[in-house]
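Written out below as structure tokens is the structure these notes cover.
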Amino acid sequence: MTILDEKYARFESQASDVKIPCFERNGRIFDMIISQQLNRPILDDIYRITGRLRSIAKSKAGSVFLQSVLAHKRAMLYFAQPSSRTFLSFHNACHILGMRTSEIRDTSVSSEVKGESFDDSLRTFSSYTDLIIMRHKGQNMAERAAWLLNNFSNRPVPVINGGSGSDQHPTQAILDVYTLQKSFEFQGGLDGKTILMCGDLRRGRTVRSLSYLMKNFNDMKIIYAAPTSFQMKEDVCQFLQRHNIPYRMETEALENALPEADAVYMTRIQDEHDEVAGESNRTNISRFKLRLKDMAIVKASAVIMHPFPRRDEIDVAIDPDPRAIYWAQERNGMWTRAALIAYIFNVHDQIMNY
Ligand code: NCD
């Protein structure tokens, strides 16, 4: 164990859902690493900025103005794991704000292939850029990057977690809650709603991060629909208990829970995390797919969501149903991520006052 590993281990053991000071500067979010960092006022700010960005960007003059806001900053997109939406939405979010971008999407073309450590690679990225947006297959690697740069680098640039192992994907949760709030705008908002999450809950970082965000809303209920072997892990369940958020597990069939749901959040099986090849195939998930005929028992006011990519867990025949909002959800990602970046760089007042 290096000195850094020891320090990191200590930091990790202190990680809680309360507050992680090293991710903040002057009481503001600096690094965006885990959903537990987000409270209601921060979310409300990010969503207000999102709305403003969208309306400003509708005109050419507005878009040109937005591109001046962070024209003096550069971002590094370090995606050491496959990505379409998260990469493209962050890439374009940076461009909306005028940031220039560099990218590594495959560690086989970086010096990691020559044996460079993760830590040295991250310090190198911080030498050239002003923001690191990263996705990594390892748990807690975004946390490690933030810890490293905050403590050992002369250029401690902010780190945004674009997905860390099977652990967290906080910016997906930000866009998911934005999508939910917009959907329930005329139904009293997200408070009091029942969110049904289905699929690979054990290894799905999107559903984990989304569950943590529920602490910011009142009278929420969660239903986790998955076979026992894919059910939500104990750490998230304990968090919900600590925050008095009622949840139950449906392990027989998705349809048993559908009539109660205000939002149905489907996910794919995360078989890239299989410890033994083909392990996921041993569990029968046929009763945890959303079929066209199931839509008859879904509330008329409910919404169907999916972080994508989808396989066959949502029948494509459902796509024309107005309750299917996953394509809008996907588009929301770019705008909420641009808002988050503006928030981190503290330039949102310029945008709000435009
Ligand atoms: C998710 C991810 O990478 O965790 N995708 C995404 O970012 N929209 C979900 C998945 O891969 O299943």
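Taken over the range 322-332, the criterion of being open to solvent by 70 Å² or more (accessible area, probe 1.4 Å) and assigned to a loop (DSSP other than H, G, I, E, B) is satisfied by P322 alone.
Does the range 214-230 contain at least one residue that is of a type in the set (D, E, K, R), over 24 Å from the mean Cα position of the chain (by Cα) and surrounded by fewer than 19 Cβ atoms within 10 Å (Cβ to Cβ)? No. Residues in the range 237-275 that are β-branched (V, I, T) and either in contact (Cβ under 8 Å) with a residue 40 or more places away in the chain or not assigned by TED's automatic domain parsing to the domain that holds D200 (or both): V264, T267, I269.
When restricted to residues that are open to solvent by 30 Å² or more (accessible area, probe 1.4 Å) and out of contact with any Ser or Thr (no Cβ under 6 Å at 6 or more places or on another chain), the range 267-302 contains 22. Here A300 does not qualify as under 21 Å from the mean Cα position of the chain (by Cα) and more than 16 Å from the ligand (Cβ to nearest atom).
The residues of the range 147-169 that are within 10 Å of the ligand (Cβ to nearest atom) and buried (at least 24 other Cβ atoms within 10 Å of the Cβ), listed by number, are G162, G163, S164, Q168, H169.
In this structure, does A75 turn out to be more than 16 Å from the ligand (Cβ to nearest atom) and assigned to a strand (DSSP E or B)? For A75, the condition - more than 16 Å from the ligand (Cβ to nearest atom) and assigned to a strand (DSSP E or B) - is met.
Results for (1) open to solvent by 40 Å² or more (accessible area, probe 1.4 Å); (2) closer than 17 Å to K182 by Cα; (3) within 12 Å of the ligand (Cβ to nearest atom); (4) not in a helix (DSSP H, G or I), shown as yes or no for each residue.
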position	(1), (2), (3), (4)
I304	no, yes, no, yes
P307	no, yes, yes, yes
R311	yes, no, yes, yes
P320	yes, no, no, yes
R337	no, yes, yes, no
Y343	no, no, no, no
Q350	yes, no, no, no
Y354	yes, no, no, yes
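Across the range 79-103, the qualifying residues are those that are over 17 Å from the mean Cα position of the chain (by Cα) and among the hydroxyl-bearing types (S, T, Y), and the one among them that is nearest to the ligand (Cβ to nearest atom) is T101. If the condition is being in contact (Cβ under 8 Å) with a residue 40 or more places away in the chain and farther than 28 Å from R311 by Cβ, then the range 176-200 contributes only Q187.
Across the range 115-143, which residue is most open to solvent (accessible area, probe 1.4 Å) among those that are of a type in the set (V, I, T), away from the ligand (no atom under 16 Å from the Cβ) and not in a loop (DSSP other than H, G, I, E, B)? Filtering the range 115-143 for residues that are of a type in the set (V, I, T), away from the ligand (no atom under 16 Å from the Cβ) and not in a loop (DSSP other than H, G, I, E, B), the one most open to solvent (accessible area, probe 1.4 Å) comes out as T124. What about F288, is it touching a residue at least 12 places away in the same chain (Cβ under 8 Å), within 16 Å of the ligand (Cβ to nearest atom) and on the phi > 0 side of the Ramachandran plot? It is false that F288 is touching a residue at least 12 places away in the same chain (Cβ under 8 Å), within 16 Å of the ligand (Cβ to nearest atom) and on the phi > 0 side of the Ramachandran plot.
Filtering the range 35-73 to residues that are open to solvent by less than 10 Å² (accessible area, probe 1.4 Å) and within 21 Å of the chain's Cα centre (by Cα) leaves S35, L38, L43, I46, I49, T50, L53. When the range 194-220 is filtered for residues that are away from the ligand (no atom under 16 Å from the Cβ) and either closer than 29 Å to F90 by Cα or out of contact with any helix residue (DSSP H, G or I) (no Cβ under 8 Å at 6 or more places or on another chain) (or both), the ones remaining, listed by number, are I195, L196, M214, K215, N216, F217, N218, D219. Take R105 and decide whether it is surrounded by 17 or more Cβ atoms within 10 Å (Cβ to Cβ), of a type in the set (K, R) and free of Cβ contacts under 8 Å to residues at least 40 places away in the same chain. When the stated conditions are applied, R105 does not pass them.
The values are calculated or read from the model by the stated rules, or taken from the named source; none is laboratory data. In this text the structure is predicted, and so the values were computed from the model without any measurement. Don't worry about glycine lacking a Cβ; one is built from the backbone with ideal geometry, like all the others, and counts go over all protein chains shown. For the accessible areas, the whole protein counts, side chains as well, though only heavy atoms, and no ligand, DNA or RNA atoms are used. Shrake-Rupley method; radii C 1.70, N 1.55, O 1.52, S 1.80 Å.
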